[in-house]
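Note sheet for the following structure.
The values are calculated or read from the model by the stated rules, or taken from the named source; none is laboratory data. Everything numeric here is computed off the predicted structure, so don't read it as measured data. Cβ: placed from backbone, ideal geometry, glycine included. Neighbour counts: every protein chain shown.
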Amino acid sequence: MSSVPPTLGALIRQQRELAALPMRQLAAMSGISGPYLSQIENGLRRPSDHVLRSIATILGVDPEELVGETRTEDELEAARRRTRAALEEDPNLTPAQRRTVLDVYAAMVGGVEPGA
């Protein structure tokens, strides 16, 4: 089973931590505020192309690789909905099996109530 790519913000945070850079330092080096970088890392804001290039350069990462390896929260949620729908419609599962599989899936990815 392949893993789901992280969001852009999570990938930036991961690269920043690997570089052992405090958030404030990366923000200052990128010419942005600490709160703005925090919002980017938490998926609340998407950086402009200029800011993304700046952050990527400082972290020693190709900006295209950063974007190519990520999914937005909306894309992740859409993928989760498609997976749940496929499980709910699978004719090979009994109702009890379907509930169990959906409960396990919910526990693994979150975002849905078990038994829903």
Q. Can you name the residue in segment 38-58 that is in a loop (DSSP other than H, G, I, E, B) and of a type in the set (Lys, Arg) and, of all such residues, is modelled with the highest pLDDT?
A. ARG45
Q) Which number in (1) farther than 12 Å from LEU8 by Cα; (2) modelled with pLDDT of 90 or more; (3) in a helix (DSSP H, G or I) marks the one condition that ALA79 misses? A) (2)
Q. Within the group VAL67, VAL4, which residue is outside any helix (DSSP H, G or I) and either at pLDDT below 90 or touching a His at 6+ places or on another chain (Cβ under 8 Å) (or both)?
A. VAL4
